[in-house]
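The values are calculated or read from the model by the stated rules, or taken from the named source; none is laboratory data. Just so it is clear, the structure is predicted and the values come from calculations on it, not from any experiment. Cβ coordinates were reconstructed from backbone atoms using ideal geometry, including for glycine residues, and neighbour counts include every protein chain displayed. Quick note on the areas: whole protein, heavy atoms, side chains included, nothing else; ligands and nucleic acids left out. Shrake-Rupley method; radii C 1.70, N 1.55, O 1.52, S 1.80 Å.
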Amino acid sequence: MGHDALYKEIILEHHKDPRNHGLLESATASITKHNPLCGDNVTVQIKLSPDNKTVDDIMFSGSGCSISVASASILTDDVKGQSVEKTLKLIEQFRGVMQGNEKPEVLEGDVEALTGVRQFPVRIKCALLAWTALKELIENQNKEKSA
Amino acid sequence: MDAQKIREQFPILRERVNGKALVYFDNGATHPKPTSVVDAEVKFYHHDNANVHRGVHALSQRATDSYEGVRNKLCKFFGTNNTQEYIFSSGTTASFNLLSTTLAPRVEAGDTIVVTRMEHHANFVPWQQLALSKKAKFEIVELKSDFTLDRDHFKRAMAMKPKIVSFSAMSNVLGHKNPVSELATLAKQAGAIVLVDGAQLVAHDEFKISDLGLIDAFVFSAHKISGPTGVGVMWAREEFLKSLPPYQFGGDMITFVEDQSTIWNELPWKFEAGTPNIAGVIGLGAALDFMTEIGRGNILKLEHELVKQGLAKLKQVKGLKILGSESHEGRAPIFSFILEGVHPHDIATLLDLEGIAVRAGHHCAQPLLRHFNQTATTRASLSYYNTAAELDVLVSAIENAKKVFSRGT
Ligand SMILES: Cc1ncc(COP(=O)(O)O)c(C=O)c1O
């Protein structure tokens, strides 16, 4: 097994030059998640539309390995400007693929490059970190709204 | 025995990982087991399997003799003569929980508990939590820029007249020894109970308990010295042990149970409630024999050579920074490092593809890594059976990792 399956060009490129990286001044909600394995963390900040239906803006920060940074970069790129509904669907698909319950073909675009991570089971947590964080963040928002 | 002869004793070293010969540089996490240790456990289960301190029958007697005999081996190994001073637990973590729980009644609001910046979570979190629950002060002695403990800070901490001072004899991240005896004297002068985490020291140094000075307890795990997992040893001074209440209640730790009260068993059994890890303790005995056979002086010599070679070879790698002393003296071949531009997780994956096992992460020492502004490092922790050739494999794999991450720049 070579490293090419994991460290695809797209991933290395996102790692070197992550999109939506930094602090979001206008954030309406924020969450920090830790990877207990290595102590890495990611903070995801979002600005939802007033009706909570669209991800108007999203940024991430924190420290992490190439996989977690690239994965957060790809995630934020994909969901920025998307509807919350589509965002949650994409998160579910990605989690499904990572956990082996879903075919990798459902993923399109840069995110597809992350499917190689499945051959490195200990690294799946790294890839999922930002996605799990965003899911929880949106769910918290929905709870707050309905409460 | 030379390194090659020693290596033959560890079957795991014949494993191949990702098509490559295994280079096991994760000894700090747990050490490989020699055949003799595994055989000792198998022999117990196949020929002597019985509970200890219970029955009159032959097997129970054999099991008890083998189990208790390990306390004699410990006495010999550490140059002491009182078997009552060795308590078996499930590991270093369990021993510190025993200590923090049984010492809890003595800690009051406003008291001070002292640890150091370089502690493993096992010797950090129990005291932090005890201090929190008692509204006591939790003082963390800092490091100097050369990675050694700040003696002046330690002295200032002793001026606070702490109740408990607990520190590691050797950091599992930095790899160098602390001046245990000197620190113990200062702590005793301040009137403190002095506890020492020996989990790493025991694997990398030759010493007697008396060399450690005025300490009250010294704890370690069998698995770091090629013994089984799930076995720990707590050596503690007899008077100190006698001053502690029992930790866990149940079978074996009692002399007599009345309807409304109980008389505790004598030392050491007062602190060994329930059926212990009998086979594991017997395996520890075999591990002590194994180390004695190789010779602890020999181990020290082999490891000193690896320290020299490791530091020299790693220093050649551009962009690599070792977190730990660059001096050869008082140091074990434990090399924690950061590599510019490559995250430890990525290094570890790329090394794994070359068959090299290292640890990437916080090494259960988050307070220490925070001090260095890191969330993770890569750690190659070597042992006496490792070779300079394996270090070369490591260095070339690190160089390769750098190449992967400089693609396109
Ligand atoms: C210095 C130090 N203290 C404590 C421990 C904890 O040992 P265990 O996990 O066996 O309880 C370790 C091992 O990880 C260690 O290296």
Selection from region B:191-249 of residues that are within 10 Å of the ligand (Cβ to nearest atom), in a helix (DSSP H, G or I) and among the small types (Gly, Ala, Ser): B:Ala203, B:Ala222
Index of the failed condition, B:Val125 passing every other in (1) open to solvent by 40 Å² or more (accessible area, probe 1.4 Å); (2) away from the ligand (no atom under 16 Å from the Cβ): (2)
Any hit, region B:335-352, residues being touching a Gly at 6+ places or on another chain (Cβ under 9 Å), modelled with pLDDT under 95 and more than 26 Å from A:Ala5 (Cβ to Cβ): no
Residue in region A:55-65 that is at the interface with chain B (Cβ under 10 Å from one of its Cβ atoms), in contact (Cβ under 8 Å) with a residue 60 or more places away in the chain and either within 12 Å of the chain's Cα centre (by Cα) or surrounded by 17 or more Cβ atoms within 10 Å (Cβ to Cβ) (or both) present: yes
Helices (runs of 4 or more DSSP H) within region B:314-409 that include 2 or more residues among the polar types (S, T, N, Q) and either out of contact with any His (no Cβ under 8 Å at 6 or more places or on another chain) or open to solvent by less than 20 Å² (accessible area, probe 1.4 Å) (or both): B:388-406
Boolean, B:Ala380 is more than 30 Å from B:Phe138 (Cβ to Cβ), under 22 Å from the mean Cα position of the chain (by Cα) and not aromatic (Phe, Trp, Tyr): yes
Criterion (hydrophobic (A, V, I, L, M, F, W, C), over 22 Å from B:Ala332 (Cβ atoms) and open to solvent by less than 10 Å² (accessible area, probe 1.4 Å)) met by exactly one of B:Leu214, B:Leu201, B:Leu241: B:Leu241
Filtered residues of region B:86-119 (kept if farther than 23 Å from B:Pro246 by Cα, open to solvent by 20 Å² or more (accessible area, probe 1.4 Å) and within 16 Å of the ligand (Cβ to nearest atom)): B:Arg117
A:Leu37 open to solvent by 20 Å² or more (accessible area, probe 1.4 Å), within 11 Å of chain B (Cβ to nearest Cβ), within 16 Å of A:Ala133 (Cβ to Cβ) and not hydroxyl-bearing (Ser, Thr, Tyr): yes
Residues (open to solvent by 40 Å² or more (accessible area, probe 1.4 Å) and at the interface with chain B (Cβ under 10 Å from one of its Cβ atoms)) located in region A:4-16: A:Asp4, A:Glu9, A:Glu13, A:His15, A:Lys16
Filter result for A:Lys125 (open to solvent by 70 Å² or more (accessible area, probe 1.4 Å) and away from every other protein chain (no Cβ under 14 Å)): no
Filter result for the condition that a residue is under 22 Å from the mean Cα position of the chain (by Cα), away from the ligand (no atom under 16 Å from the Cβ) and either among the charged types (D, E, K, R) or open to solvent by 30 Å² or more (accessible area, probe 1.4 Å) (or both), over B:Thr30, B:Thr83: B:Thr83
Residue in region B:3-19 that is open to solvent by 30 Å² or more (accessible area, probe 1.4 Å) and within 20 Å of the chain's Cα centre (by Cα) present: no
Unmet requirement for A:Glu139, which otherwise passes all of (1) open to solvent by less than 90 Å² (accessible area, probe 1.4 Å); (2) of a type in the set (D, E, K, R); (3) within 30 Å of B:Ala348 (Cβ to Cβ): (3)
